[in-house]
Amino acid sequence: MPDVDGAVDDARALVAQWFPEARAAWLGGSVVLGSATPGSDLDVTVLLPGPPAPYRDARRFRGWPVELFVHTDTSLGHYVRRDVAGGRPTMVRLLGRSAVLLDTDGSGEQWQQTAQQLLAAGPPPLTGDDLATLRYAVTDLLDDVTHAHDAHERLVCATLLADEAAHLLLHGSGHWWGRGKWVARELADLDEREASTWRSRHEQALVTAAAGDVSLLMAFADDVLVRHGGPLFEGFRLAGTDPSETPQSR
């Protein structure tokens, strides 16, 4: 298990060496959250006064794999707002659940506090076309699983259904959602909030689907749909965009 204090020291040295002009920097990710593994990296967000930010970079430092998220105030605000609108708190969490490595002007603490408040508040629940689109996606995947041509096709569709149903459950409830390991973690958070068993149901649904039995997964998805307005196919309609009708800038 990586040493948290050692990781913070290494990340602080990294910032001093690579970003002497930085206004602020934060270490986030698994090392700080207490869920690090031997393969964990250092997720370091850096605030610069201006260019060459913003950019993302992957390097190594003192044996650590390092993910760098280098921003200006403007770009950091953009990604934080995008997180909230999309319900997936990648940058918000990197700032809000972090160790401040550098803070030359108070911006390190200010951004951390703002992100903490956003994390606690959660995203706005899905409504309108966004909610309808996810309901339609889950409904359509249920049909794909039911009528799959073979076991491989069924498993591929079942995997997508598990992901989209969890997305609808979480974001539709005004809760943060995520991909990969964050599906399990956000479901656990929702269970803590609601005293529910969504995470264990999701886990068992995946295990049994992998073994060829999709009944638990379909029941999970059905219950998620009922919670958020029911299946949606007939009547689903979204307006499209015709590029020829969009004014072109010159």
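Please verify whether residue 235 is at pLDDT 95 or above and part of a loop (DSSP other than H, G, I, E, B), treating the condition exactly as stated.
Values: at pLDDT 95 or above: no; part of a loop (DSSP other than H, G, I, E, B): yes.
No.
Considering each of 119, 101, 142, 168 in turn, give the residue that is of a type in the set (A, V, I, L, M), open to solvent by less than 30 Å² (accessible area, probe 1.4 Å), under 30 Å from residue 11 (Cα atoms) and touching a residue at least 40 places away in the same chain (Cβ under 8 Å).
Matching residue, one of 119, 101, 142, 168: 101.
Consider residue 68 carefully, then state whether it is open to solvent by less than 50 Å² (accessible area, probe 1.4 Å), in contact (Cβ under 8 Å) with a residue 12 or more places away in the chain, closer than 30 Å to residue 167 by Cβ and assigned to a helix (DSSP H, G or I).
Values: open to solvent by less than 50 Å² (accessible area, probe 1.4 Å): yes; in contact (Cβ under 8 Å) with a residue 12 or more places away in the chain: yes; closer than 30 Å to residue 167 by Cβ: yes; assigned to a helix (DSSP H, G or I): no.
For residue 68, the condition - open to solvent by less than 50 Å² (accessible area, probe 1.4 Å), in contact (Cβ under 8 Å) with a residue 12 or more places away in the chain, closer than 30 Å to residue 167 by Cβ and assigned to a helix (DSSP H, G or I) - is not met.
Would you mention how many residues in region 145-162 are surrounded by fewer than 20 Cβ atoms within 10 Å (Cβ to Cβ) and either hydrophobic (A, V, I, L, M, F, W, C) or touching a helix residue (DSSP H, G or I) at 6+ places or on another chain (Cβ under 7 Å) (or both)? Break it down stepwise before answering.
Of the residues in region 145-162, the ones surrounded by fewer than 20 Cβ atoms within 10 Å (Cβ to Cβ) are 146-156, 159-160.
Then drop every residue that is not either hydrophobic (A, V, I, L, M, F, W, C) or touching a helix residue (DSSP H, G or I) at 6+ places or on another chain (Cβ under 7 Å) (or both), which leaves 148, 151, 154-156, 160.
Residues meeting the conditions: 6.
Identify all residues within region 101-126 that are in contact with a helix residue (DSSP H, G or I) (Cβ under 9 Å, 6 or more places away or on another chain) and of a type in the set (S, T, N, Q); write none if there are none.
The answer is 107, 112, 113, 114, 116, 117.
Determine which member of the set 114, 127, 90 is of a type in the set (Ser, Thr, Tyr), within 26 Å of residue 15 (Cα to Cα) and open to solvent by 60 Å² or more (accessible area, probe 1.4 Å).
Among 114, 127, 90, only 90 is of a type in the set (Ser, Thr, Tyr), within 26 Å of residue 15 (Cα to Cα) and open to solvent by 60 Å² or more (accessible area, probe 1.4 Å).
For residues in region 1-15 being open to solvent by 40 Å² or more (accessible area, probe 1.4 Å) and free of Cβ contacts under 8 Å to residues at least 24 places away in the same chain, which is farthest from residue 71 (Cα to Cα)? Even if it seems obvious, please write down each step before you answer.
Let us first name the residues in region 1-15 that are open to solvent by 40 Å² or more (accessible area, probe 1.4 Å), namely 1, 3-5, 9, 12.
Restricting the remaining residues to those that are free of Cβ contacts under 8 Å to residues at least 24 places away in the same chain gives 3, 5, 9.
Details: 3: 27, 5: 25, 9: 21 Å.
That would be 3.
Exactly one of (1) in contact with a Leu (Cβ under 9 Å, 6 or more places away or on another chain); (2) surrounded by fewer than 21 Cβ atoms within 10 Å (Cβ to Cβ) is unmet by residue 49. Its number?
Looking at each condition in turn, residue 49 falls short on (1).
The values are calculated or read from the model by the stated rules, or taken from the named source; none is laboratory data. Every value quoted in this text rests on a predicted model; they were computed, and no experiment measured them. Reconstructed Cβ throughout: ideal geometry from the backbone, glycine too, with neighbour counts over all protein chains shown. Note: accessible area is taken over every heavy atom of the protein model, side chains too, but ligands, DNA and RNA are not part of it. Shrake-Rupley method; radii C 1.70, N 1.55, O 1.52, S 1.80 Å.
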